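Right, one structure below, let's go through it.
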Amino acid sequence: MKRKTNLALRIGPAQSNGMSSYDAEIIAASVGASIATAIGIPFEVVTDCKSLHDVITNKNVADFGKKSNMSALQTLAFNCPYIGMIRWTKSHPERRTLVKENWSRDEYGNYMADRIAAGDWLAVSQCAEVYKVERDMDTILKWLMLEQRWHWIDKHGSIITDTISARVKQQKMNDYLEARDQYRAIRGNAPIWKGTKSKFASLQFELVGKSIGEVARCVRIIWE
């Protein structure tokens, strides 16, 4: 493999909550495409996120509107006007073969991206020479959205990456859990509800498609 100096941008965690791994995939791809576009060099975006690849290559505006991170998706789509500019590749080549000489360029890139995300610079240096840059997610989001379409921010000035309806639901959930702990404190009990996640239990009860009465019964079981 011919060794060249490569730019390795590691994006740290955001101060705001609620960002999923899918959100991070979209933003990372958007940043890469934006940097390459600004420099003015030919490029391709290679991702191991099949969902991201499918939604971008579909380019259905109505579908974008149903997604969180619509602004980041639009930025990525704007910088990748041709379908061939974004490709999908399998993840974790090291799990298929440890002989790196047999890896393709995409597999090398995928492995290095994972190692960069983990901050494993020693493993990265064994594959290629890199120029390291590290930024936190809030800084990246502000740069990415600075001159793009409308977006939302929270009271702390951090850009909201999920949909407004999802953020409202999450805030109502947080308020509910805090209230339950306050009632426990009145009774002299220690708080136990803050940070509770109900998504897995909700999936197990298969709430979608149930009647209002059945949903209410299941929700009481979930929380009790």
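Only the coordinates and a few stated rules stand behind these numbers; no lab work does. Every value quoted in this text rests on a predicted model; they were computed, and no experiment measured them. Backbone-built Cβ (ideal geometry, glycine too); neighbour counts: all protein chains shown.
Observations on the model:
- Checking every one of the trypsin sites (Lys or Arg not before Pro) in segment 171-222 against DSSP loop status and a limit of 11 other Cβ atoms within 10 Å picks out 187, 194, 197.
- A full extension of the chain between residue 208 and residue 132 corresponds to an added length of 22.8 nm, given 0.36 nm per residue minus the alpha carbon distance.
- Net charge, residue 176 excluded, C-beta distance under 12 Å - Lys, Arg +1, Asp, Glu -1: +1
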